[in-house]
Amino acid sequence: MKLRLLASAVAVSAIALSGTVLTTGTAAAAGPDCSRGLTNVPAKETVKVRTTAKVNGYAVGQLNKGRKAFLCNDGHAFTGQSYRLCGKSSNKWLYIMPNDYNIKGYVPATCMDW
């Protein structure tokens, strides 16, 4: 009987540990590297900062026209959902950190003056 209880406790611990490892792996994929980038890049138009490179991605903030942001990854553009915004069509997105806000996310590349 004691051996069965011990085996159950070990199995529960293994499941709990697996859950922790999976959660940590998910959190690590939060976004591109922002250790390098382009500074003080202004927005051509007011745009929403999104968690994914999609027009309908969850908006975490807004970058107003003329406000400046830091372009992560040296301004490398990421391929995402196609859009027609700021007078142009594209599927390129930039990962940014607005200068005045503590947020990070994707904005359409055509809406940044870079």
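Please state which one of Ala30, Ala11 is at pLDDT below 95 and either outside any helix (DSSP H, G or I) or in contact with a Gly (Cβ under 6 Å, 6 or more places away or on another chain) (or both).
Working: Ala11 fails: either outside any helix (DSSP H, G or I) or in contact with a Gly (Cβ under 6 Å, 6 or more places away or on another chain) (or both).
Step by step, each of Ala30, Ala11 is checked, and only Ala30 is at pLDDT below 95 and either outside any helix (DSSP H, G or I) or in contact with a Gly (Cβ under 6 Å, 6 or more places away or on another chain) (or both).
Working only within region 47-84, note down all residues that are open to solvent by 20 Å² or more (accessible area, probe 1.4 Å), small (Gly, Ala, Ser) and more than 15 Å from Met112 (Cα to Cα).
Correct list: Ala59, Gly61, Gly80, Ser82.
Does region 85-114 hold any residues that are surrounded by fewer than 16 Cβ atoms within 10 Å (Cβ to Cβ), part of a strand (DSSP E or B) and in contact with a strand residue (DSSP E or B) (Cβ under 8 Å, 6 or more places away or on another chain), and which are they?
Ser89, Asn91
For region 33-46, give me each residue that is surrounded by fewer than 16 Cβ atoms within 10 Å (Cβ to Cβ) and either touching an Asp or Glu at 6+ places or on another chain (Cβ under 7 Å) or not in a strand (DSSP E or B) (or both).
Initially, region 33-46 is screened for residues surrounded by fewer than 16 Cβ atoms within 10 Å (Cβ to Cβ), giving 33-36, 39-40, 42, 46.
Hits for region 33-46 are Asp33, Cys34, Ser35, Arg36, Pro42, Thr46.
The values are calculated or read from the model by the stated rules, or taken from the named source; none is laboratory data. What you see is a predicted model, and the numbers here were worked out from it, not measured in a lab. Every residue, glycine among them, receives a Cβ derived from its backbone with ideal geometry; neighbour counts consider all protein chains shown. Just so you know, the surface numbers come from the protein's heavy atoms only, side chains and all, with ligands and any DNA or RNA stripped out. Shrake-Rupley method; radii C 1.70, N 1.55, O 1.52, S 1.80 Å.
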